[in-house]
Each structure stands twice: as structure tokens, then as C-alpha cells.
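Shown next, in C-alpha cells, is the structure this report addresses.
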Amino acid sequence: MTDQTVVAVPIRWVGALDGAPFAGDGPIPVQRPAAASRAAEWERVLSGWFDPHSGPVPADRVVICWETRALAAATVYGDRCAGELTVCADLDDVLAAIAARPGRAAVVVAFSDRLTVAALVRIDAAAEAAGCPLGFLYGRDTAGLSFAVAKALLRPAVGLSGVDSYDAPAHRAEDNARGLPADVAGGLRRPALVKVIRSHGEGGHAKLGDTVVCGLLDAAEFPGATDEGCSREARSCKRAAPRNATVVFGGEVAAPIVFFLCCNGFNVAGELFPSPVSLAVALAEGSAGAVIAPVRPLVAPDDLVAALHRMIAEGGPLGVVVRRLNELSARLDQPNAFVLHGDPCLTLPTGAAGPAAPPVAEESLDPVRDWLVRLMRHATRGRRVLRSARAWLGGRGADLLDPLAAELDRAEHLAVNAMKWAEGAPGGESRARLLRTTTLLRAAVAKWDRAAGRMLLLVRDSLDAYDLGHYDQLLAGIEPGEPCARCGTPTERHRFGRGEEADQARVGVLCLVCGPVREHRVDGPAVAVTAERAGHRLLLRAGLTVPPSARPLLHGVQLYLRFFDKALDRCVHEEARTVPAEDQVVEFAVELPDRLSADLHSVRLVATTGFDIAYARARFAHLPEGAAR
């Protein structure tokens with residue numbers, strides 16, 4: 001407070017608010033609290049933080065007194081702001097009073113124990129339906145309520161300016177360094193017109209890196225157990241002790257207007273935990289005449305914070321700012337999130353935060369969110385392949401399977417974090433980082449696809465890629481298929497996935513002579529291979545089909561082809577390609593070696609895209625020179 005000029009304010013301290021003179025042109029009566037330290041702090045606040053020559057912003061207000069015990073304070077407020085005063089016995093009366101006065105600013109004056117979350121949400125919904133800017137004035141007792149009323153009847157001191165921001169939304173303290181100033185504790189105690197605090201935590205505390213703002217209201221949280229909970233005398237806090245953080249009590253936050261973006265930030269009725277700890281109440285018992293905070297668990301993305309700073313810079317009534325915050329929050333499926341302690345007609349000065357940065361038009365993140373959801377669903381297919389391979393190999397092949405599992409773990413880890421990131425509708429640099437992360441994810445998935453395709457063919461002497469695709473599924477039925485492209489024999493279509501969702505069903509085509517022909521997910525990419533001998537060259541045509549139902553994660557398909565001469569135990573040819581994820585015919589030309597075993601050979605091909613795997617095999621006969629064909 002040393003930076004503030006002390007001026008005489010029109011305040012009259014009274015022993016009891018009941019019966020105090022309420023004349024509109026006289027001093028504002030404030031009931032002196034019993035605790036001397038509390039009284040001294042209130043005097044400093046009213047002397048240094050508010051303009052003694054100001055009055056409430058002229059507006060058409062309805063002052064709603066909830067219960068007669070709040071009547072003295074409500075009468076002071078209604079008289080000084082020339083508002084219509086109505087007294088309500090219960091919550092239903094409050095809702096009816098708002099509904100009966102559409103379009104008018106409504107200020108509910110009540111003891112804080114009445115303002116449960118359930119009540120706040122219903123009142124806010126009623127005000128929204130009636131088009132009423134809404135504010136609450138609360139206190140734990142008559143003295144606290146009269147102090148809140150006095151601050152609401154005065155405007156912030158003319159000399160106050162600037163907006164201080166403290167941004168620490170991450171769970172881990174070390175992840176919040178970029179959003180916090182070097183001296184958090186000193187900054188919180190330094191005067192400013194507005195302070196914006198975004199923190200991880202809940203309504204009793206704000207964790208800001210190496211500093212914790214504690215909402216302790218009394219001398220000790222548990223007077224009978226001073227070694228437990230928070231304590232003013234020891235300047236200790238249960239949230240600060242584990243991290244050896246500096247403690248700043250809520251009443252020390254030096255600004256008449258505070259935006260507190262934290263889960264359950266507006267928890268004032270003791271519902272969260274039965275102890276005298278509430279940051280919203282602590283701020284209101286300090287220098288803050290206006291506190292804006294959420295009444296629910298909240299995702300407060302970067303876009304919302306950026307929009308808030310633009311609103312502050314543009315100026316305007318606090319009631320309008322809160323309504324716009326709620327509109328933004330509702331888009332994230334968080335309706336009626338924010339409420340205001342204070343006068344909804346109090347107007348922020350234009351340019352309080354400097355020039356407003358114009359909003360940047362950005363494309364919707366819905367395609368990114370949808371892609372991340374599909375990635376997680378597709379990743380389960382990768383898990384099934386690895387699980388089946390491990391079961392088949394019985395502990396062998398770890399050198400091939402373990403790296404695939406690690407790569408899949410990494411992709412899923414990135415995807416889960418990105419999903420939560422995208423859910424918060426990030427903007428600016430945060431949005432750019434999210435998009436870079438999705439690019440890394442695409443690369444990680446493509447890397448897995450390449451490695452998986454190669455693995456499936458390298459271990460062909462131990463497992464069969466045809467059977468592996470449906471190794472953990474039950475046969476659902478057999479249907480007649482088209483004639484085999486090599487020998488003309490009828491084929492069978494074996495359908496797998498009995499008892500599973502339709503998009504997990506797989507089909508295998510089996511020639512009664514040549515054996516397995518191809519295998520793939522019914523709604524997924526598929527490949528069929530034919531082989532044609534031309535002298536010492538083998539021409540292979542791979543027909544790739546990617547139906548609309550496949551909805552591939554990636555724009556590319558990884559093809560891995562391998563021709564292994566079993567009799568000679570030698571790989572004749574292997575080749576990998578990346579092709580667009582679309583219907584096409586891909587041609588391969590294989591130069592046959594001079595020495596090739598006389599056998600019915602198999603050329604195998606695996607197509608992978610986004611954990612979706614398809615398999616195909618082509619067969620051709622090689623006879624010795626001079627043998628009958």
C-alpha cells in the first residue's frame with residue numbers, strides 16, 4: 001500500500017449497521033469488524049484503492065436482498081445507487097425477482113453461506129434468460145457485507161492503471177515458468193487496476209510456480225490443531241509447504257478488480273471443504289471490489305484468456321465481460337461458468353491493458369480433434385497386432401516387437417496430451433505448437449507403419465501375416481468367393497470378428513489350391529497382387545483400394561514387398577514404397593536371379609496406413625530349364 005496516496009473517503013465506521021443513517025448524501029456506513037487487524041486493513045483499502053469523489057455508475061439496477069439479515073447492507077446499497085430494492089425470503093423468490101425485471105442490471109446482496117454453487121448456477125441461468133447483467137455482493141457477516149457494499153459504491157482510484165497477468169495453468173510448477181514474472185509474490189502485492197490469475201488448483205488456493213496465493217480467512221484454518229492446515233501467524237499454507245513456495249494471502253493481492261481463472265474459483269459457501277478457506281472470499285475481504293471467477297471445474301484455454309485481455313483493453317461494463325466469458329465457455333460445454341462479485345455496471349476504462357490485439361481469424365480445430373480421436377481408436381488395432389504377435393511367438397521376436405510397442409506408446413502418449421490440449425481451443429503460439437505436435441504424430445504413425453510392415457514379413461518363418469490379422473478373432477462365417485487369379489479354383493471368403501463391432505471385422509480370401517490370397521479389415525484398405533512372368537523378370541501388379549469407410553489417418557500407405565526363396569533360404573527381392581492413400585495399381589518389376597529353386601513361390605506384400613494392415617500374396621511356379629511347362 002505504500003505506493004498509494006492516502007485520501008479521505010466518505011466512510012462512516014459504525015458499531016452496528018442496523019439503524020445507521022442511510023441518507024444518500026452522507027458518508028457510507030461500514031460496520032467495523034471485531035478483529036482490529038481486519039479493521040485496519042479495511043481502512044487502508046478504502047483509503048488507498050477507491051476514489052472518494054466517485055459514486056456508482058448510473059444505471060437501472062434492481063437490488064435483490066436475499067434474507068432479512070442482509071437487509072441493512074442491501075438498503076445502503078440500494079439507497080446510494082438509486083436502485084429498486086426487493087427483499088426475497090428464499091431462492092425461488094430471487095429467481096422470480098430477476099425474471100420479473102428483464103433487461104435490468106441485478107445485484108444480489110446476500111451472506112456468502114447462501115451462495116452455494118447450485119444457487120449461483122440457477123441465479124445465473126435466470127439472469128441470462130432475462131437478459132440481466134448480474135452481480136453478487138457477499139460477506140461472511142454483516143461487517144464483511146457492508147465492506148463489500150462500500151467498495152461497490154465507489155470506483156477504483158484514479159491513479160490505478162495496468163493489468164498484471166499471472167499465468168500458471170499446468171499441473172507441474174516447472175511447466176508454468178513462461179507465464180509468470182520473475183517476482184510473483186512482489187507482483188501480486190504491487191498495485192494495479194486489474195490482475196488476471198489463471199492457475200491450476202481449486203477454489204481455496206492459486207498455485208503460481210514458486211508462490212501460492214492462499215485463501216485463508218481467519219488466523220488459522222484449524223485453531224485447535226495449529227500444525228495442520230494454513231496459518232496467518234506462521235505465514236504457512238498446506239499448498240505451499242510441499243513445494244517450499246512463498247505464501248501470499250488473498251487479501252494481499254493488490255487490485256480492485258481480479259479475474260481468477262481456476263477450477264471452482266467462486267466457491268464461497270464452504271462447500272469445497274469445511275474450513276475458513278476461500279480465495280474468492282479472501283479477495284473480496286481485501287482490496288478487490290470486483291472478483292470474476294468460475295463456479296465449476298473449468299478448462300480455461302489460451303483463446304479464452306486472450307479474449308479476456310481484449311475485453312479488458314476494449315473496456316466496458318463488467319456484467320457484459322462476464323456474459324461474454326460465459327458465451328466463450330459454453331462453446332467448450334461449460335455453461336454458466338463465470339459469476340461476478342461486484343457491480344455489473346462498473347465499467348473498465350478503455351485501454352486499461354494497452355491497445356487491444358485484434359483477434360486472429362483461425363480455422364476451426366474440429367478436424368484436429370476428430371483426427372486425434374480416430375488416432376486413438378486406430379491405435380487399438382496396432383495393439384491387437386502386437387498382442388497377437390507376442391502370443392504367437394511365445395516370447396520370441398522381442399527385438400522386433402519391443403521397438404514397435406515403444407513407438408506405439410509414444411504415439412498414444414502424444415495423442416492423449418494433444419487431445420486435452422485441443423479440447424481447450426488453444427490460440428496463437430499454443431495453437432501453433434499443437435499443430436506441430438500433430439505433425440510429429442503423423443510422422444510417428446508412419447514410422448510405426450513402416451516398421452510393422454517389415455516385421456510381418458521378416459518373421460514369416462515363425463508366423464503368418466495372413467493369420468495374424470485375425471489371430472485374436474473368432475470366425476463369423478464362410479462365403480464363396482471369386483475364382484483364384486492364378487489357378488481359377490474357387491476361393492472362400494472367411495469373415496472374422498464374431499461378437500465385435502462391425503468396424504473391427506476382417507476378411508480373409510483363401511484359394512482351395514494356392515492357399516491364402518489376401519486379408520484385410522472389411523471396411524479398411526485392401527490390396528490384391530497378381531504375378532506375371534516375362535523371361536527373367538517377374539511383373540507384379542498390386543491393386544490398392546481405399547474405400548471411403550476406411551477414413552485413413554494418413555495421406556500415405558506404406559507398401560512392403562518381399563520375395564523369399566524358401567528352398568534356397570534366400571531373400572530374392574524386398575522393396576518398400578510410400579504411395580498415396582487412394583485407389584490405384586502399383587507395379588513392381590523383380591529381376592529374377594540365375595539360380596532360383598524349382599518351386600511354387602510366394603511373393604508377399606503388406607500395406608499399412610495408420611495402424612490399419614492389409615496383406616496379399618501372389619504365387620508363381622518356377623521350373624528348371626527344359627522342364628515341361
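The values are calculated or read from the model by the stated rules, or taken from the named source; none is laboratory data. All of these numbers come straight from a predicted model, not from anything done at the bench. We place every Cβ from the backbone using ideal geometry, glycine too, and count neighbours over all the protein chains shown. The accessibility values were calculated without ligands, DNA or RNA, using every heavy atom of the protein model including side chains. Shrake-Rupley method; radii C 1.70, N 1.55, O 1.52, S 1.80 Å.
Values as computed for the structure displayed
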{"item": "Net charge dipole size for the stretch 372-462 [Lys, Arg +1 and Asp, Glu -1 on Cβ; Debye, nearest 20]", "result": "240"}
{"item": "Most to least packed among 329-336, 95-102 [average Cβ atoms within 10 Å]", "result": "95-102, 329-336"}
{"item": "Extension gain (nm, one decimal) between ALA234 and THR347, 0.36 nm per residue minus Cα-Cα", "result": "36.8 nm"}
{"item": "Mean Cα-pair separation over length for the stretch 239-290, i.e. relative contact order, pairs under 8 Å, 6 or more apart, %", "result": "48"}
{"item": "Mean Cα-pair separation over length for the chain, i.e. relative contact order, pairs under 8 Å, 6 or more apart, %", "result": "8"}
{"item": "Inter-site label distance for ALA219 and ALA34 at 7 Å from Cα along Cβ, in nm", "result": "1.2"}
{"item": "Length added when fully stretched, ASP366-ARG190, from 0.36 nm per residue minus Cα-Cα", "result": "59.3 nm"}
{"item": "Accessible surface ranking that places the most exposed of PHE222, PHE249 first, with a 1.4 angstrom probe", "result": "PHE222, PHE249"}
{"item": "Under 14 Å from the Cα of LYS195 - aspartates and glutamates, other chains or at least 8 residues apart", "result": "ASP164, ASP167, GLU252"}
{"item": "Pairs of alpha carbons in the stretch 545-629 whose separation is greater than 19 Å (percent)", "result": "47"}
{"item": "Positive-pole candidate from CYS230, HIS555, ASN264, dipole of the chain, charges at beta carbon", "result": "HIS555"}
{"item": "Where GluC sites (Glu not before Pro) in DSSP loops with at most 15 other Cβ within 10 Å are excluded, longest remaining stretch of the chain", "result": "1-227"}
{"item": "Lys/Arg +1, Asp/Glu -1 at C-beta; the chain dipole; positive extreme among ALA110, ALA74, VAL248", "result": "VAL248"}
{"item": "Contour excess over end-to-end distance, with Cα ends at ALA118 and GLU482 and 0.36 nm allotted per residue", "result": "124.5 nm"}
{"item": "Unit charges on C-beta of K, R, D, E only; dipole of the chain, Debye", "result": "1300"}
{"item": "Cα point-scatterer Debye curve for the stretch 371-515, base-10 log of I(q)/I(0) at q = 0.12, 0.17 Å⁻¹", "result": "-0.65, -1.02"}
{"item": "Within the chain, helix-based [θ] at 222 nm, where runs of 4 or more DSSP H residues each add -39,500 (n - 2.57), nearest 500", "result": "-9500 deg cm²/dmol"}
{"item": "Simple spin-label estimate for ASP93 and LEU440 in nanometres, 7 Å along Cα-Cβ", "result": "5.9"}
{"item": "Mean Kyte hydropathy of 0.0 or more with a Cα span along the axis of at least 24 Å, helices from DSSP in the chain", "result": "428-458"}
{"item": "Solvent-accessible surface (1.4 angstrom probe) belonging to HIS494, in square angstrom, nearest 10", "result": "30"}
{"item": "Relative contact order [Cα under 8 Å, 6+ residues apart], the stretch 487-610, whole percent", "result": "21"}
{"item": "log₁₀ of I(q)/I(0) at q = 0.10 Å⁻¹ - the stretch 301-427, Debye sum with one point per alpha carbon", "result": "-0.53"}
{"item": "Residues in the stretch 581-621 reached by a label modelled at VAL513 [backbone nitrogen below 11 Å; 7 Å Cα→Cβ]", "result": "none"}
{"item": "Dipole magnitude of the stretch 281-426 about its Cα centre (Cβ charges: Lys, Arg +1; Asp, Glu -1), debye to nearest 20", "result": "760"}
{"item": "Point-to-point label distance, ASP461-MET419, nm (Cα→Cβ direction, 7 Å offset)", "result": "4.1"}
{"item": "³J(HN,Hα), Karplus 6.51/-1.76/1.60, whole Hz, each residue of the stretch 527-542, x for Gly, Pro", "result": "9, 10, 10, 10, 10, 9, 7, 9, x, 8, 10, 10, 9, 10, 10, 9"}
{"item": "Percent antiparallel among DSSP beta bridges (both partners in the chain, rounded to 5)", "result": "65"}
{"item": "Selected from ALA398, HIS341, THR437, residue furthest toward positive end of dipole (the stretch 333-474; charges at beta carbon)", "result": "ALA398"}
{"item": "Alpha carbon Rg of the chain, scaled by the compact-globule rule 2.2 N^0.38 Å", "result": "1.38"}
{"item": "Cβ-derived FRET efficiency at R0 51 Å, HIS53 paired with LEU386, nearest 0.05", "result": "0.10"}
